[in-house]
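Remarks on the structure that follows.
The values are calculated or read from the model by the stated rules, or taken from the named source; none is laboratory data. Note that this is a predicted model, so its numbers are computed, not measured. Here the Cβ is made from the backbone with ideal geometry for all residues, glycine too, and neighbour counts use every protein chain on show.
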Amino acid sequence: MSEPMNITDAPGELELLRLTNQVHQRLGSLLERERVLEQFVLLVAGAITCQRVIVLMADRDGIILEYGACYPALADVNRQMALEMLYINIFNTAGDALLQQIKQHQPVVVATETMAGSRLEELSVLLDQGTLQFFPLILNGEMPGVLVLHHAPEAAPLPPQHPTLHALIESAVVHIANARQHSQIVQELATTVYEMNILQQIDAELNDTIDLNYVFRMIMDWGLRFTSATAAALGLYDQENDTLRVMTVYGYQENVFTIGRDLDKDQGGITLRVARSGDAEVIPDVAMDKDYYSAYPSSAKNG
């Protein structure tokens, strides 16, 4: 990572134009998300007076904020590693006023020691005491990421419409969004190739058998390996009678499901809804789903 350029914190129109041009020159030819974000934090660090610049990126579905880049890196290697492994769930922000404001595309200023109770506390505990400013990166109504400025306790935060920062964000966000999309396409292609290899292996293993129970077990085994899940159930859906029959399970306590018998309608829950629609679903928090049915009423609810 190269050093940030130094420019004044109170630029005129010509300086802002020069800065915008610098952003396009540095980011315009890059496609890899990591390189784009590294250059972006360098540009911000060179243009803005603050202790540290961090970018958090949203995943494809806007469910998670994860580490994107940081400059300068944290002096403590363990803290830097923890920062790079940071994943913050932003799906359901009820009760988290800080995240709610950010998801509403509003800049936020908050002291690190007052962030207890927010999911963003995971970030604040890795940093020295001071002030954090969160600036959502917005493009076409979507939020591909969040810019975070870390200020020392004695330093004053920037005004929300700071001209230099506004110019940086406005000119860089399209490059950041493009790099994010490029990264997602590459990941999806790799996932597709991996899935095709798995399907070929499943086909090779099942091609010469007519043992239905063996087929169920193998499908279950591959499903668990592919998803790294700890529990699973496989059922057959009867569209004509709208029934779901569990054929095999793994990882559940005994007697939770009766193998070979149709589930009661209230037990079908999300699974029966998916069977009816024929469309796969990713559910970030099953406890918030209206059709959720817990096989363990007294246990914690996990997605």
Of (1) surrounded by fewer than 14 Cβ atoms within 10 Å (Cβ to Cβ); (2) more than 19 Å from Ile219 (Cβ to Cβ); (3) at pLDDT 85 or above, Thr243 satisfies every one except (1)
Among the numbered conditions (1) outside the structural domain of Val246 (by TED's automatic domain parsing); (2) crowded, with 17+ Cβ neighbours inside 10 Å, tell me where Tyr194 comes up short. (2)
Out of all the residues in segment 217-235, is one or more over 35 Å from the mean Cα position of the chain (by Cα) and among the aromatic types (Phe, Trp, Tyr)? no
By residue number, the members of segment 262-281 that are surrounded by 10 or more Cβ atoms within 10 Å (Cβ to Cβ), of a type in the set (Gly, Ala, Ser) and over 11 Å from Asp242 (Cα atoms) are Gly269
Grab the helices (runs of 4 or more DSSP H) fully contained in segment 58-138, keeping just those with 1 or more residues being of a type in the set (S, T, N, Q) and within 26 Å of Ser183 (Cβ to Cβ). 77-84
Could you tell me whether any residue of segment 72-89 is within 23 Å of Pro163 (Cβ to Cβ), in contact with a helix residue (DSSP H, G or I) (Cβ under 8 Å, 6 or more places away or on another chain) and in the same structural domain as Ser171 (by TED's automatic domain parsing)? no
Pull up segment 246-259, narrow it to residues that are out of contact with any helix residue (DSSP H, G or I) (no Cβ under 7 Å at 6 or more places or on another chain) and at pLDDT 80 or above, then point me to the one that is nearest to Gln201 (Cα to Cα). Val249
Matching residues, segment 32-51, being in contact with a His (Cβ under 9 Å, 6 or more places away or on another chain) and either among the hydrophobic types (A, V, I, L, M, F, W, C) or under 19 Å from Tyr87 (Cα atoms) (or both): Arg33, Val36, Phe40, Ile48, Cys50
So which residues in segment 251-287 are small (Gly, Ala, Ser), part of a loop (DSSP other than H, G, I, E, B), in contact with a strand residue (DSSP E or B) (Cβ under 8 Å, 6 or more places away or on another chain) and within 30 Å of Ile64 (Cα to Cα)? Gly251
With the condition kept exactly as written, say whether any residue in segment 54-63 is of a type in the set (Lys, Arg) and exposed (fewer than 15 other Cβ atoms within 10 Å of the Cβ). yes
Would you say Thr192 is touching an Asp or Glu at 6+ places or on another chain (Cβ under 8 Å) and of a type in the set (Val, Ile, Thr)? no
Quick one: would you say Ala232 is touching a residue at least 40 places away in the same chain (Cβ under 8 Å), within 27 Å of Phe91 (Cβ to Cβ) and surrounded by 15 or more Cβ atoms within 10 Å (Cβ to Cβ)? no
Members of segment 202-229 that are polar (S, T, N, Q) and either closer than 19 Å to Arg33 by Cβ or touching a residue at least 12 places away in the same chain (Cβ under 8 Å) (or both): Asn213
Criterion first (touching a residue at least 12 places away in the same chain (Cβ under 8 Å), over 21 Å from Glu195 (Cβ atoms) and part of a strand (DSSP E or B)) does Thr248 satisfy it? yes
